[in-house]
Amino acid sequence: MRIPIETFRLDNGLLVTLSEDHTAPIVAVNLWYHVGSANERAGRTGFAHLFEHMLFQGSANVAANEHFELVQRAGGTLNGSTWLDRTNYFETLPSNQLALALWLEADRMGALLPAMTQQKLDTQRDVVKNERRWSVDNQPYGTWWERLPALAYPPDHPFHHSLIGSMEDLTAASLEDVEHFFATFYTPDNAVLSIAGDFDPSEARELVRRHFGPIPRGARKPPLPDMSLPDRFGRWLRATVPDEVMVPRLFLAFRSPVFGSEEYYSASVASAILGVGKSSRLQRVLVREREIASEATGFTFDLSKGADLLVLDVTGRPEVSGDTIEGAVGDLVDDLRTNGVSREEVERAIALVETAFVTSMQSAGERADKLSMFATYFGDPSLINDQVDRYRAVTAEQVTQFARARLGKDNRASLLYVPASAARSGVVETRAAAEVVS
Amino acid sequence: MKESAHRPAPGPARPYHFPHFERATLDNGLSVIVVPVRKLPVVTVSLVADAGAVTEPAGQDGIARLTARALLEGTRSRSVDALTESLERLGASLDADAEWDSGALTMTVLTSRLSEAMALVAEVVLEPAFPERELERLKAERLAEILQRRAEPRGLADELFSRFLYASDSRYALPDGGSAASVSAIHRDHVAAFHAARYRPGSTTAIIVGDIGVDDALRVVRSRLNAWPAERAPGVDADDRPARRTRAVHLVEKADAPQSELRIGHIGIPRVHPDYFAALVMNMLLGGLFSSRINLNLREAHGYTYGASSFFDWRRQAGPFVVATAVRSDVTAAAAREVLTEIDRMRAEKVSAEELSLATSYLEGVFPIRYETTAAIARALTAMVIYGLPPDYFDTYRDRVRAVSAADVLRAAREFLRPEELQLVAVGDPAVVREPLEAMDLGPMQSYDTAGVTSQEAGVRGDT
């Protein structure tokens with residue numbers, strides 16, 4: 001399976017990718033801005049995400065919330081989301097509405113500021129504070145999004161702090177911040193536009209040129225500080241959080257090679273062998289054999305800068321202590337390092353990855369989002385077509401070698417939630433990250 | 001709205017038809033629906049049995065879900081580990097679960113591996129072993145889930161809302177997964193008996209969607225499932241009587257909660273109803289869209305919440321109608337007041353043509369976007385099977401949406417929204433929300449702990 005791809009760049013720096021598929025009269029438009037919480041300045045945690053909300057508050061020719069209304073009236077679905085190192089905006093519409101989506105996106109990229117008011121900012125600040133209460137503060141284990149990156153990245157690292165932001169920093173955000181952030185990061189040369197689905201390529205090119213062409217290039221954005229980190233934490237970092245929960249839950253993280261690197265694919269397969277699917281090691285041993293956990297998964301954050309995280313997420317049974325869970329997961333990882341993985345395990349993991357990838361490519365929105373991702377991170381959307389082969393090239397020896405290098409006791413960070421009533425150790429104060437959807 | 005002079009007008013709409021499907025019946029009574037979709041080399045298979053929670057024997061609440069999940073725990077010839085490994089080495093993700101009106105196995109797999117994977121699906125449904133040990137494990141996992149619910153405000157609000165809505169002996173009053181007491185009482189023999197009684201070809205449909213022709217699909221299904229002995233499970237209707245017909249407020253006390261989870265609603269209407277489309281469009285305008293009245297009021301005008309929505313929970317019998325939101329603690333009563341105001345406003349006068357078209361043009365336009373994937377098409381056909389929707393349902397859907405008028409919307413609002421019967425559930429901090437809620441004087445108010453026990457009951461039992 002190969003996704004057809006055409007790429008071009010406007011004079012103002014906007015990178016555009018097109019991928020035709022005429023099986024249904026549907027088109028997806030997807031914009032990635034290469035800015036996320038990592039780009040926030042001190043004292044403004046949560047601003048990248050608050051700013052994402054402001055992009056739905058109108059622009060020079062669009063009224064507040066009209067973006068939503070126009071797209072839904074056209075029969076489209078839409079949203080935006082903010083992550084550590086990018087922010088995306090996307091809509092899927094009937095294919096005869098492509099021009100509307102492009103015009104709307106161009107209007108807010110070119111002329112957001114005339115529509116910004118203090119009142120809109122105040123309302124969205126309240127909405128985001130409620131989003132924080134809903135997804136983090138009033139949700140069992142909800143603070144893990146903040147606590148894990150805070151534990152696993154050093155305090156001065158751009159991935160350390162909270163993505164959703166602290167209440168104080170959200171309160172402090174001003175209209176001047178909105179103006180400055182917009183001028184710095186929301187420029188065509190800091191964005192990728194992808195269009196996937198049922199469109200005529202020459203017509204799409206013409207529409208893109210007409211709507212986005214006049215938007216001026218930005219003054220270069222300030223570079224991120226050096227984000228590189230040593231391969232390992234250097235010790236076993238630990239945080240225990242007594243919380244209002246009924247059962248213990250462990251997040252065990254390892255510093256891991258960045259998304260897209262050669263070693264990343266071994267790391268991804270290792271996480272799948274440990275925690276993807278019912279025959280993964282965590283599920284087989286902890287859920288079925290020992291019956292000490294009720295849920296167990298493994299995944300990578302897929303960060304392309306500095307260092308990635310490989311995370312094992314294990315929820316204990318009510319009668320089992322947090323220490324038992326932590327010990328059992330540690331033993332499993334040690335065993336994988338000592339005895340290695342088999343070819344069969346690698347094949348199983350790759351088969352699951354392949355089915356999931358082909359299945360997800362059925363959706364125009366998913367296709368456009370992945371094209372934007374590869375174009376934003378690596379300047380090359382066609383990498384989408386290499387992914388399955390890169391997984392297939394992974395060998396059992398490589399996975400074992402990865403485990404020996406990266407999953408040792410000197411590269412672990414455990415974030416352990418325990419019921420407050422059963423708690424013994426003190427709370428660790430941390431702050432930091434969640435993928436938040438507007 | 002701003003000046004629309006620069007706005008691009010839509011081009012001519014290109015035609016869309018819901019994928020064509022073929023139906024067949026095997027000799028043993030198994031219904032088959034095949035939907036060839038030639039896009040990517042992938043196939044989704046669903047086996048949908050009349051084995052939902054409403055068909056459970058009395059006292060065995062939760063057995064439908066337990067049985068569905070236990071199907072994947074081993075067969076006569078394969079242990080759970082051997083079975084899972086065989087499936088996953090084919091890259092097949094096979095799920096089994098039950099909801100109110102069905103028990104279903106669903107799998108998505110690359111076309112090249114379909115035949116092998118189907119052999120395993122057939123083995124799972126025809127020769128399950130229900131190993132004692134795995135079954136006890138699944139029960140313990142359900143008990144842990146019930147325990148965790150007490151610390152999870154969203155799920156707790158949903159669960160208690162249903163309990164306050166339906167008569168205490170209605171199946172709908174309990175969670176579909178069952179209660180701690182009912183699940184603990186289920187044994188292996190019950191599960192084997194439920195499987196034998198409810199998973200029968202005459203009341204099951206196999207749905208195959210994706211990169212495969214009709215003949216090939218039928219051949220695969222026939223070769224794997226023809227051995228299933230011909231039998232049919234009788235239909236069962238759920239009891240959907242309400243607990244009460246007057247308004248009441250239920251405060252679930254969670255000290256120091258930073259936010260209140262609110263559920264406001266009453267019993268709705270069955271999925272198959274002559275006024276389904278009017279109710280659907282009415283709800284989109286009330287709280288079904290981002291630009292709906294309730295969301296724009298609570299989120300965009302007041303900043304009370306991250307989001308507020310309303311929906312009908314469609315089932316074969318009458319499921320709940322509910323407005324759901326989570327709001328800052330100190331505006332809990334004010335937010336509830338706004339919801340009631342919007343419900344009243346919906347019933348008071350006709351919507352404008354402009355507002356009506358927001359819902360109808362959305363539903364019409366989004367129709368093809370809903371069926372982009374094989375799994376989504378399989379879900380749509382599953383609904384057709386479960387509710388008995390007519391074969392032309394998808395082909396006439398957009399016409400029927402377009403035909404809904406402002407008068408229809410008003411009629412639906414007046415008939416299906418019943419302010420005097422609303423049950424209001426708030427899971428929140430009693431120190432902040434009790435007084436303002438009392439002051440609203442919506443109806444009698446009762447307080448509960450997070451196990452759903454009232455203070456009086458706790459006093460009588462003396463154990464909490």
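The values are calculated or read from the model by the stated rules, or taken from the named source; none is laboratory data. Keep in mind it's a predicted model, so treat the numbers as computed, not measured. A quick note on method: Cβ atoms are made from the backbone with ideal geometry, for glycine too, and the neighbour counts reach across all protein chains shown.
More than 14 Å from every other protein chain (Cβ to nearest Cβ), closer than 30 Å to A:Glu354 by Cα and touching a helix residue (DSSP H, G or I) at 6+ places or on another chain (Cβ under 6 Å), is that true of B:Ile63?
Working: more than 14 Å from every other protein chain (Cβ to nearest Cβ): yes; closer than 30 Å to A:Glu354 by Cα: no; touching a helix residue (DSSP H, G or I) at 6+ places or on another chain (Cβ under 6 Å): yes.
When the stated conditions are applied, B:Ile63 does not pass them.
Quickly run through the stretch B:73-103 and pick out the residues that are assigned to a strand (DSSP E or B) and either over 21 Å from the mean Cα position of the chain (by Cα) or without any contact (Cβ under 8 Å) to a residue 24 or more places away in the chain (or both).
Taking the stretch B:73-103 as the starting set, the residues that turn out to be assigned to a strand (DSSP E or B) are B:74-75, B:79, B:93-98, B:103.
Hits for the stretch B:73-103 are B:Gly74, B:Thr75, B:Ser79, B:Ser93, B:Asp95.
Test B:Pro430 against the criterion of being in the same structural domain as B:Pro274 (by TED's automatic domain parsing) and touching a residue at least 60 places away in the same chain (Cβ under 8 Å), and give yes or no.
Working: in the same structural domain as B:Pro274 (by TED's automatic domain parsing): yes; touching a residue at least 60 places away in the same chain (Cβ under 8 Å): yes.
When the stated conditions are applied, B:Pro430 passes them.
So is A:Glu146 assigned by TED's automatic domain parsing to the domain that holds A:Val71 and within 24 Å of the chain's Cα centre (by Cα) or not? Outline the logic, then answer.
Details: assigned by TED's automatic domain parsing to the domain that holds A:Val71: yes; within 24 Å of the chain's Cα centre (by Cα): yes.
Spelling it out, A:Glu146 is indeed assigned by TED's automatic domain parsing to the domain that holds A:Val71 and within 24 Å of the chain's Cα centre (by Cα).
A:Asp302 fails exactly one of the following numbered conditions: (1) closer than 26 Å to A:Ala356 by Cβ; (2) more than 17 Å from the chain's Cα centre (by Cα); (3) surrounded by fewer than 19 Cβ atoms within 10 Å (Cβ to Cβ). What is the number of that condition?
Unmet condition: (2).
I'm told B:Thr374 meets every condition in (1) at the interface with chain A (Cβ under 10 Å from one of its Cβ atoms); (2) among the hydroxyl-bearing types (Ser, Thr, Tyr); (3) over 22 Å from B:Ala49 (Cα atoms) except one. Can you identify the failing condition by its number?
Against the list (1) at the interface with chain A (Cβ under 10 Å from one of its Cβ atoms); (2) among the hydroxyl-bearing types (Ser, Thr, Tyr); (3) over 22 Å from B:Ala49 (Cα atoms), B:Thr374 comes up short only on (3).
Whether any residue in the stretch B:107-117 is crowded, with 20+ Cβ neighbours inside 10 Å, more than 14 Å from chain A (Cβ to nearest Cβ), touching a helix residue (DSSP H, G or I) at 6+ places or on another chain (Cβ under 9 Å) and within 30 Å of B:Ala217 (Cβ to Cβ) is what I want to check.
The answer is no, given that none of the residues of the stretch B:107-117 is crowded, with 20+ Cβ neighbours inside 10 Å, more than 14 Å from chain A (Cβ to nearest Cβ), touching a helix residue (DSSP H, G or I) at 6+ places or on another chain (Cβ under 9 Å) and within 30 Å of B:Ala217 (Cβ to Cβ).
Only residues that are in contact with a Gly (Cβ under 9 Å, 6 or more places away or on another chain) and either buried (at least 19 other Cβ atoms within 10 Å of the Cβ) or within 21 Å of A:Thr359 (Cβ to Cβ) (or both): list them for the stretch B:88-103, please.
Of the stretch B:88-103, the ones in contact with a Gly (Cβ under 9 Å, 6 or more places away or on another chain) are B:88, B:93, B:96-103.
Across the stretch B:88-103, the qualifying residues are B:Glu88, B:Ser93, B:Ala96, B:Asp97, B:Ala98, B:Trp100, B:Asp101, B:Ser102, B:Gly103.
Considering only residues of the stretch B:330-340 that are closer than 27 Å to B:Pro242 by Cα and crowded, with 19+ Cβ neighbours inside 10 Å, which is nearest to the other protein chains (Cβ to nearest Cβ)?
The extreme case among them is B:Ala335.
In the stretch B:341-371, which residue that is surrounded by fewer than 18 Cβ atoms within 10 Å (Cβ to Cβ) and under 17 Å from B:Leu424 (Cα atoms) is farthest from the other protein chains (Cβ to nearest Cβ)?
Here the residue is B:Asp344.
Restricting to the stretch B:432-464, give me the number of residues that are exposed (fewer than 12 other Cβ atoms within 10 Å of the Cβ) and either at pLDDT 90 or above or outside any helix (DSSP H, G or I) (or both).
If we filter the stretch B:432-464 for residues that are exposed (fewer than 12 other Cβ atoms within 10 Å of the Cβ), which is where we start, we get B:435, B:439, B:441, B:444, B:456, B:459-464.
Narrowing further to those that are either at pLDDT 90 or above or outside any helix (DSSP H, G or I) (or both): B:435, B:439, B:441, B:444, B:462-464.
Result for the stretch B:432-464: 7.
Provide a single number: the residues in the stretch A:117-138 that are facing chain B (nearest Cβ under 7 Å) and without any contact (Cβ under 8 Å) to a residue 60 or more places away in the chain.
Total meeting the criteria: 7.
Would you confirm whether or not the stretch A:275-283 contains a residue that is out of contact with any Ser or Thr (no Cβ under 9 Å at 6 or more places or on another chain), at the interface with another protein chain (Cβ under 10 Å from one of its Cβ atoms) and among the aliphatic types (A, V, I, L, M)? It would help to see each step written out before you state the result.
Step one: of the stretch A:275-283, the residues out of contact with any Ser or Thr (no Cβ under 9 Å at 6 or more places or on another chain) are A:281.
Then drop every residue that is not at the interface with another protein chain (Cβ under 10 Å from one of its Cβ atoms), which leaves none.
No, the conditions are met nowhere in the stretch A:275-283.
Among residues belonging to the stretch B:346-372 that are free of Cβ contacts under 8 Å to residues at least 40 places away in the same chain and hydroxyl-bearing (Ser, Thr, Tyr), point out the one that is nearest to B:Ile207 (Cα to Cα).
Within the stretch B:346-372, the match that is nearest to B:Ile207 (Cα to Cα) is B:Ser361.
Quick test of your reading of the structure: B:Arg78 fulfils all but one of (1) buried (at least 20 other Cβ atoms within 10 Å of the Cβ); (2) in contact with a helix residue (DSSP H, G or I) (Cβ under 9 Å, 6 or more places away or on another chain). Name the failing condition by number.
(1)
Being under 30 Å from A:Pro242 (Cα atoms), surrounded by fewer than 22 Cβ atoms within 10 Å (Cβ to Cβ) and more than 23 Å from the chain's Cα centre (by Cα) is the requirement here; does A:Asp334 meet it? Talk me through it step by step, then tell me what you get.
Values: under 30 Å from A:Pro242 (Cα atoms): yes; surrounded by fewer than 22 Cβ atoms within 10 Å (Cβ to Cβ): yes; more than 23 Å from the chain's Cα centre (by Cα): yes.
Considered against the rule, which asks whether it is under 30 Å from A:Pro242 (Cα atoms), surrounded by fewer than 22 Cβ atoms within 10 Å (Cβ to Cβ) and more than 23 Å from the chain's Cα centre (by Cα), A:Asp334 comes out as yes.
Taking B:Ala378 as the residue in question, decide whether it is assigned to a helix (DSSP H, G or I) and surrounded by 16 or more Cβ atoms within 10 Å (Cβ to Cβ).
In short, yes.
Of the conditions (1) free of Cβ contacts under 8 Å to residues at least 60 places away in the same chain; (2) surrounded by fewer than 23 Cβ atoms within 10 Å (Cβ to Cβ); (3) out of contact with any Lys or Arg (no Cβ under 6 Å at 6 or more places or on another chain), A:Ile3 clears all except one; give me its number.
In the conditions (1) free of Cβ contacts under 8 Å to residues at least 60 places away in the same chain; (2) surrounded by fewer than 23 Cβ atoms within 10 Å (Cβ to Cβ); (3) out of contact with any Lys or Arg (no Cβ under 6 Å at 6 or more places or on another chain), A:Ile3 misses (1) alone.
For residues in the stretch A:345-368 being crowded, with 21+ Cβ neighbours inside 10 Å and either of a type in the set (D, E, K, R) or more than 13 Å from chain B (Cβ to nearest Cβ) (or both), which is nearest to A:Leu282 (Cα to Cα)?
Checking each candidate, the answer is A:Glu345.
For the structure I just gave you, tell me whether A:Ala328 is outside any loop (DSSP other than H, G, I, E, B) and over 20 Å from B:Arg137 (Cβ atoms). Spell out the reasoning first.
Numbers: outside any loop (DSSP other than H, G, I, E, B): yes; over 20 Å from B:Arg137 (Cβ atoms): no.
No.
(1) more than 16 Å from B:Thr55 (Cβ to Cβ); (2) in contact (Cβ under 8 Å) with a residue 24 or more places away in the chain; (3) in a helix (DSSP H, G or I): which one isn't true of B:Glu141, the others all being true?
Here B:Glu141 meets the rest and fails (2).
Please list, ordered by first then second residue, the pairs with beta carbon atoms under 7 Å, 6 or more apart or interchain, first in the stretch B:231-248 and surrounded by 13 or more Cβ atoms within 10 Å (Cβ to Cβ), second among the small types (Gly, Ala, Ser) and outside any loop (DSSP other than H, G, I, E, B).
Partner pairs satisfying both residue conditions: B:Glu231/B:Gly202; B:Arg232/B:Gly202; B:Arg232/B:Ser203; B:Ala233/B:Ala197; B:Ala233/B:Ser203.
Give B:Val322, B:Val327 a once-over and let me know the one that is under 18 Å from A:Trp134 (Cβ atoms), more than 14 Å from chain A (Cβ to nearest Cβ), surrounded by 24 or more Cβ atoms within 10 Å (Cβ to Cβ) and touching a helix residue (DSSP H, G or I) at 6+ places or on another chain (Cβ under 7 Å).
On the way: B:Val327 fails: more than 14 Å from chain A (Cβ to nearest Cβ).
Matching residue, one of B:Val322, B:Val327: B:Val322.
Can we say A:Phe182 is touching a residue at least 60 places away in the same chain (Cβ under 8 Å), within 19 Å of A:Lys221 (Cα to Cα) and in contact with a Pro (Cβ under 7 Å, 6 or more places away or on another chain)?
Working: touching a residue at least 60 places away in the same chain (Cβ under 8 Å): yes; within 19 Å of A:Lys221 (Cα to Cα): yes; in contact with a Pro (Cβ under 7 Å, 6 or more places away or on another chain): no.
No, not satisfied.
Read through the list (1) surrounded by fewer than 20 Cβ atoms within 10 Å (Cβ to Cβ); (2) part of a strand (DSSP E or B), then give the number of the only condition that A:Ala183 fails.
(2)
Would you please name the residue that is farthest from the other protein chains (Cβ to nearest Cβ), looking only at residues in the stretch B:294-309 that are surrounded by 23 or more Cβ atoms within 10 Å (Cβ to Cβ) and in a helix (DSSP H, G or I)?
B:Ile294
Which residues, taken from the stretch B:1-58, are facing chain A (nearest Cβ under 9 Å) and not in a loop (DSSP other than H, G, I, E, B)?
Those that are facing chain A (nearest Cβ under 9 Å) and not in a loop (DSSP other than H, G, I, E, B): B:Val42, B:Thr44.
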